[in-house]
1. If you add up the charges near residue 107, with Lys and Arg at +1 and Asp and Glu at -1, over every other residue whose beta carbon is less than 12 angstrom from its beta carbon, what do you get?
2. What number comes out for the charge environment of residue 95, summing +1 per Lys or Arg and -1 per Asp or Glu over other residues with Cβ under 15 Å away?
Amino acid sequence: MLFLSKTLNNRLGQIAPWRSRAPSGHNVLIACAMFILLLALTGCSSLPQEEGKVEEEVVLVVEEAPAIFESGLASFYGDRHHNQKTASGERYRHELKTAAHRTLPLGSYVKVTNQKTGQSVVVKINDRGPFVRGRIIDLSKSAFAEIGNTASGLLHVDVQVID
């Protein structure tokens, strides 16, 4: 067996002389240094940049008139509600421009426009209501008076949410 191993090594040495002897420490050190240098150089490379291409950002601004949120009947709070707590926790005051709405977030602002005269008022939603069927918003007395006659009690209005 030993004879076969030596013969095989001799034949390998004739075919590939570098395989006949064991690698020296010096050769291993050079091979490792070359490998590390190769890794370092590939890490420094970058993708080629295309010339002449400029990325452009386009911003399109479209201004639209605010959409009508609702159209319908508006009423106003009676005097008996003055100084009562609203759904937001604030007290109702007839001289402030406030309103009640069933679904709009408390604290939001809406523009209420009288359909007949075109007069408008901006009010803050601070309560829930109205609780009378067919009405879409309850205005404070001063807000109602700004766009219509309180003697009529009801107005046909458009309601627009204000950002």
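1. -1
2. Numbers: positive: 91, 93, 97, 124, 141; negative: 79, 90, 146.
So the surrounding residues net to +2.
Read-outs throughout are calculated quantities, based only on the coordinates presented, and are distinct from any laboratory measurement. Since the structure is predicted, the reported quantities are computational estimates derived from the model, not experimental observations. With ideal geometry, Cβ positions are generated from the backbone for all residues, glycine too; neighbour counts draw on all protein chains shown.
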